[in-house]
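Worksheet: one structure, shown below.
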Amino acid sequence: GWLAAVPLLAFTAVAFGVPAVAMLNGAFTVKDQATGATAYTAANLTASLHGAYLTALLGSVKLSAVSAAIGAVLGLLLAQAVVTSRFRALREAVLTASGVLANFGGVPLAFAFVATLGNSGVVTRRFGLTDKGWDLYSFWGLTLVYLYFLIPLMVLTITPALEGLRSQWREAAQNSGATHAQYWLHVALPVLTPSLLGGFVLLFGSAFAAYATAAAMVGSSIPLVTLQIADALSGNVLVGQENVALALSLDMVLVAVLVMAVYLPLQRRSARWLA
């Protein structure tokens, strides 16, 4: 049985293992610019948690958490409307569109929003949004752009869990005198909580790792860790900061590990109810 898994294990080792080892090695390596000698130290990791690097890391966490929370709530409401809809064509259309929009990002997405809601965008000029304080190149503007692909992703993620809610549970709650709100508060939401948290984690990770959209839209005007990594690797700010960029990448991995450590135990608990 293990022989059939050897190609997959080999691919995983090459695609994920080698970059992970290189990242760890570089994150803890410091090179002397004068002599070229290298030494293992935690200086890069320390530098990644101070100054502009720490500000960028916290900015990415804040942006990812806010956009993931909003996307999870709106995605849940949209998915519930789709699941309970009597029109099969509407359901298939929404799920198909979600599959497309969840993978639409990068420079094309940034251009679409700049042309629509930028300072000279069609909608901005038509309704005079600039005079009302609207700014696409701000924290909330970038959050709106991220929601464009996070909400469809949440719809795809939470729809199977909503379909797993048994009609017998709703009927039992109604026969016991529970209202619609009480059913959701005491039955549906407790069962869906692990799946909701899983969707939040997925959305958080997607927003946390996004680079091209933010780079094309806001550049360095909003501190994000992915933009800091790109600047450090290219030497736009300081030369010889490549290993600090690897330390920042390690910080991102640690954040993802902490979030997953909370999610996995709850996901196993949810699977027992929805199975």
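The values are calculated or read from the model by the stated rules, or taken from the named source; none is laboratory data. These figures come from a predicted structure and were not determined experimentally. When we count neighbours, we look across all protein chains shown, and the Cβ atoms used for this are built from the backbone with ideal geometry, even at glycine. Heavy atoms of the whole protein, side chains included, go into the accessibility calculation; ligands, DNA and RNA do not. Shrake-Rupley method; radii C 1.70, N 1.55, O 1.52, S 1.80 Å.
Residue pairs whose Cβ atoms lie under 7 Å apart, sitting 6 or more positions apart in sequence or on different chains, and linking a residue in region 107-122 that is closer than 14 Å to GLY219 by Cβ to a partner that is of a type in the set (S, T, N, Q) and not in a loop (DSSP other than H, G, I, E, B), are ALA110/THR213; GLY118/THR124. Residues in region 71-111 that are open to solvent by 50 Å² or more (accessible area, probe 1.4 Å) and not hydrophobic (A, V, I, L, M, F, W, C): THR84, ARG86, ARG88, ARG91, GLU92, THR96, ASN103, PRO108. Kindly check whether there is at least one residue in region 120-134 that is of a type in the set (A, V, I, L, M, F, W, C), within 17 Å of THR213 (Cα to Cα) and part of a loop (DSSP other than H, G, I, E, B). No, because not a single residue in region 120-134 is of a type in the set (A, V, I, L, M, F, W, C), within 17 Å of THR213 (Cα to Cα) and part of a loop (DSSP other than H, G, I, E, B). Being touching a helix residue (DSSP H, G or I) at 6+ places or on another chain (Cβ under 8 Å) and either modelled with pLDDT under 90 or closer than 18 Å to ILE222 by Cβ (or both) is a property that does not hold for LEU78.
Among residues of region 43-70 that are small (Gly, Ala, Ser), those with a beta-carbon under 9 Å from a residue that is open to solvent by 50 Å² or more (accessible area, probe 1.4 Å) and outside any helix (DSSP H, G or I) at least six positions away or on a different chain give the pairs ALA43/PHE28; ALA43/VAL30; ALA52/PRO223; ALA52/VAL237; ALA56/PRO223; GLY59/PRO223; SER60/PRO223. The one condition from (1) among the hydroxyl-bearing types (Ser, Thr, Tyr); (2) part of a helix (DSSP H, G or I); (3) in contact (Cβ under 8 Å) with a residue 24 or more places away in the chain that TYR137 does not meet is (2). Residue pairs whose Cβ atoms lie under 8 Å apart, separated by 6 or more positions or on different chains, with the first residue in region 181-207 and charged (D, E, K, R) and the second surrounded by fewer than 21 Cβ atoms within 10 Å (Cβ to Cβ) and in a helix (DSSP H, G or I), do not occur. Region 175-239 holds helices (runs of 4 or more DSSP H) entirely within its bounds, and those carrying 3 or more residues that are open to solvent by 30 Å² or more (accessible area, probe 1.4 Å) and closer than 14 Å to VAL61 by Cα map to 189-209. Going by the structure shown, is ALA52 modelled with pLDDT of 90 or more and either open to solvent by 40 Å² or more (accessible area, probe 1.4 Å) or closer than 26 Å to VAL255 by Cα (or both)? Considered against the rule, which asks whether it is modelled with pLDDT of 90 or more and either open to solvent by 40 Å² or more (accessible area, probe 1.4 Å) or closer than 26 Å to VAL255 by Cα (or both), ALA52 comes out as no.
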